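The values are calculated or read from the model by the stated rules, or taken from the named source; none is laboratory data. Computed from a predicted model, the values in this text were never measured in an experiment. Note that we place each Cβ from the backbone using ideal geometry, even for glycine, and neighbour counts take in every protein chain shown. For accessibility, only protein heavy atoms count, side chains too; no ligands or nucleic acids. Shrake-Rupley method; radii C 1.70, N 1.55, O 1.52, S 1.80 Å.
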Amino acid sequence: MQVQDFDVGAEIAALRLGNPAVGAVASFIGCVRDMNEGDSIGLMYLEHYPGMTERELEKIATEAHGRWDIFDTLIIHRVGELRPLDQIVFVAVTSAHRGESFAACEFIMDFLKTKAPFWKREATPQGDRWVDARVSDDAAAARWKQ
């Protein structure tokens, strides 16, 4: 977890560094939107449970390694006060071929949204509100059940 922003190009370069077997890098960047559920969003506050959140992200990455033939994974998640256009999360996966990287990256994001202990609060013109989990996120994660 980190408060500061991240440089996607630098992170991908570091992930690939020294591994000539990497033939594919799939990645996802999540950003703060200015609207949610019909309301404008001025700020978002992301909180986490220190220690527990990091362990859960490690478990998710380990499960991805067990399911697909991938080389490496990277998960960066920001916490604290964020504004529209800010980057929130970055997931990247390297492998020899694109299919493995795409699948593992999508799996990691789906499980991150449903398993990792984060709490999101948005500042709207009507006041602050907590953001509830989405049924669509649960459905996305459910398709990966073996």
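Proximity of backbone amide H atoms, modeled 1.01 Å from N, is registered between Gly23 and Ser95, Ala96, His97 at under 5 Å, excluding neighbours fewer than 5 places apart on the same chain.
Lys and Arg at +1, Asp and Glu at -1: add these up for the other residues within a Cβ distance under 14 Å of Pro125 and post the number.
-4
Probing with 1.4 Å while keeping every protein chain in the model, the per residue accessible area of the stretch 8-141 equals 54 Å².
Only aspartates and glutamates eight or more places from Lys145 in sequence, or on another chain, were considered; those with a Cα closer than 16 Å are Glu63, Glu106, Asp110, Asp137. Amide H neighbours of Asp72 under 5 Å, counting only residues 5+ apart in sequence or on other chains, H built in-plane at 1.01 Å? Residues meeting the amide H criterion: Thr94. Of all the options Gly18, Gly38, Gly80, the one that moves most in a Gaussian network model of the chain with Cα springs shorter than 10 angstrom is Gly38. Relative protection proxy for 120-131, 67-78, from highest mean packing down: 67-78, 120-131 (other beta-carbon atoms within 10 angstrom).
Taking Ile60, Ile88, Ile41 as the candidate residues, the one with maximal mean-square fluctuation in a Gaussian network model of the chain, Cα springs under 10 Å, is Ile41.
Expressed as a whole percentage, what fraction of the accessible surface of the stretch 8-141 belongs to carbon and sulfur atoms when a 1.4 Å probe is rolled over the protein heavy atoms? Carbon and sulfur atoms account for 53 percent of the accessible area of the stretch 8-141. Note on Arg55 and Leu85: the extension gain reaches 8.0 nm, defined as 0.36 nm multiplied by sequence separation minus the Cα-Cα distance. Each label was represented as a point 7 Å from its Cα along the Cα-to-Cβ direction; for Val135 and Trp119 these points are 2.5 nm apart. For the chain, the relative contact order comes to 32 percent (Cα pairs under 8 Å, sequence separation of at least 6). Distance between the pseudo-spin-label points of Arg33 and Asp69 (7 Å out from Cα toward the beta carbon): 3.8 nm.
The GNM of the chain, with springs linking C-alpha atoms under 10 angstrom apart, assigns the highest mean-square fluctuation among Met44, Met109, Met52 to Met52.
Separation of the stretch 19-68 and the stretch 71-126, taken as the distance between their Cα centroids, equals 2 angstrom.
Only one item in (i) 15.0; (ii) 16.1; (iii) 16.8 matches Kirkwood radius over Cα pairs in Å derived from the coordinates shown, and that item is (ii). Count the net charge of all other residues whose Cβ sits under 15 Å from the Cβ of Ala116, scoring Lys and Arg as +1 and Asp and Glu as -1. Net of charged neighbours comes to -1.
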